[in-house]
Every structure is written in structure tokens, then in C-alpha cells.
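Just so it is clear, none of the values below were taken in a lab; they were calculated from the coordinates. All values derive from a computational prediction rather than experimental measurement. Ideal geometry is used to build each Cβ from the backbone, glycine not excepted, and the neighbour counts take in all protein chains shown.
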Amino acid sequence: MRLVIVGPPGAGKGTQAELLSEALGIPHVSTGDLFRANISEGTPIGLEAKKYLDSGNLVPSEVTVSMVRDRLNEPDAAKGFLLDGFPRSVEQAQALGGILADLGTELNGVLSIVVDEDAVVGRMLARGRADDTEDVIRNRMHVYNEETAPLLAFYADDIIEVDGMGEIADVQQQILAKLGKA
Ligand code: ADP
């Protein structure tokens, strides 16, 4: 299975992706996690990315796309993967199409987690990650609506809609059912 999971900040993408990756036995590839690991290790990618994560803006695509390309070329991704946080723009989706074409493969589906944006701001403030302050959350929501939401039209034929407002376990069951894996 080669899947993408999309949704606004705080939709629970990371939580659902972690559970789903275990259930399906495929790696969870989170660009947010990859950037945070690079930042804590002080790598060149981390040094470049930090200011963007701190402000809630997108890291430039050339950095992001090559990081994803390298990750998807690792052996464990040959059996499938679940991409979380990428693509985040139509430009990145086109780049992903190129990466997959080079690998001779394509996506099986795009999970779209639908939530009430006001309700999820509370979830994020409770989580307390470094970029979960009110101003940065507001900017991430704005970037999501401007840059990422157009992906829903771009991937219209592949979208699998999921109601993300329930309990974690219920949302997971819904995803597995929609993938025919319940
Ligand atoms: P959330 O979904 O809650 O916003 P993530 O962990 O997915 O959190 O992303 C955190 C930050 O990492 C983003 O605000 C952005 O700065 C950076 N980032 C993650 N994925 C990408 C991407 N595909 N392109 C550019 N920047 C990204």
C-alpha cells in the first residue's frame, strides 16, 4: 500500500498514521518528524529547516523533495509507505508523481482527515509542541488553506474521506474499513 494522509494541522494525521503503519506493516514517513530529527541532530537540512518550522511556514520544496526522494528510495519503502505531511502543495504533489514514476509505482489512495478547524486548535495547544503556540498555529492553518487544501482537488479521484472528529480508535477503525482492512 502506498498512501498519503492529508488534513489540517491538529487533525491527528501523525497519530492515525502511526497506528496505520503498524496495522499495515508499512513505514510511516512524516516530513515533520524527519525535519525535527534533522534539527535535533544539527544536520545541514536541520539548520536550513529550523526557521520555517519555528514560524509555521513551508520549508522550501527543493530541500523537502530531495529529503523525501531519499527516504522513499530506502529499502523498507519498497513494500509500501504512508506519507504524512507530504505533499503539502500542488508543486510537491507533482514532484511526488515524478519520484513515484522513477520508482515505477503509483499511489493507492489519499486519506483526507476532515475536522473542525476551531476544535483542533484546542488539541494543539494541549499538545504543546515547540510550534504549537497560538500565532504559529494560526499561520500553519493559513498556509494549509492556501497551499495544501488545493491538493484535495488535485487528488480528487484518489481521495478517501475520513471523519477525524471521533475518538482515536474509532477514527482508526473507520480508516481500516475504508481501505478494506478492518
Ligand atoms: P502539522 O501537521 O501539525 O502542521 P507537521 O509535523 O506535519 O505538523 O509539520 C510541522 C512543520 O514542518 C510545518 O509547519 C513545516 O514548517 C514543516 N514541514 C513539514 N512537512 C513539510 C513539507 N512537505 N513541505 C514543507 N514544509 C514542511
Original post:
Between residues in region 74-100 that are without any contact (Cβ under 8 Å) to a residue 24 or more places away in the chain and residues that are among the charged types (D, E, K, R), which pairs lie under 9 Å by C-beta distance while being six or more apart or on different chains?
Top reply: GLY97/GLU106; GLY98/ARG69
Original post:
What pairs come up if the first residue lies in region 5-16 and is within 14 Å of ASP132 (Cβ to Cβ), the second is near the ligand (Cβ under 8 Å from one of its atoms) and among the aliphatic types (A, V, I, L, M), and their beta carbons are under 8 Å apart, counting only those six or more places apart or on different chains?
Top reply: PRO9/MET124; GLY10/MET124
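Being within 12 Å of the ligand (Cβ to nearest atom), over 15 Å from the mean Cα position of the chain (by Cα), closer than 28 Å to ASN139 by Cβ and of a type in the set (Gly, Ala, Ser) narrows it down to one of SER30, SER40, SER55, so name that one. It would help to see each step written out before you state the result.
Numbers: SER30 fails: over 15 Å from the mean Cα position of the chain (by Cα); SER40 fails: within 12 Å of the ligand (Cβ to nearest atom).
Unique residue meeting the criteria: SER55.
For region 99-110, indicate whether the set of residues that are under 15 Å from the mean Cα position of the chain (by Cα) and part of a helix (DSSP H, G or I) is non-empty.
Within region 99-110, the subset under 15 Å from the mean Cα position of the chain (by Cα) is 107, 109-110.
Retained after the next criterion (residues that are part of a helix (DSSP H, G or I)): none.
Scanning region 99-110, I find no residue that is under 15 Å from the mean Cα position of the chain (by Cα) and part of a helix (DSSP H, G or I), so the answer is no.
For the structure I just gave you, tell me whether MET165 is surrounded by fewer than 17 Cβ atoms within 10 Å (Cβ to Cβ) and under 18 Å from the mean Cα position of the chain (by Cα). Before you say what the answer is, go through the steps one by one.
Numbers: surrounded by fewer than 17 Cβ atoms within 10 Å (Cβ to Cβ): yes; under 18 Å from the mean Cα position of the chain (by Cα): yes.
Answer is yes for this residue.
Of GLU62, GLU106, which residue is within 12 Å of the ligand (Cβ to nearest atom) and surrounded by fewer than 19 Cβ atoms within 10 Å (Cβ to Cβ)?
Numbers: GLU106 fails: within 12 Å of the ligand (Cβ to nearest atom).
None of the others qualify; the one that does is GLU62.
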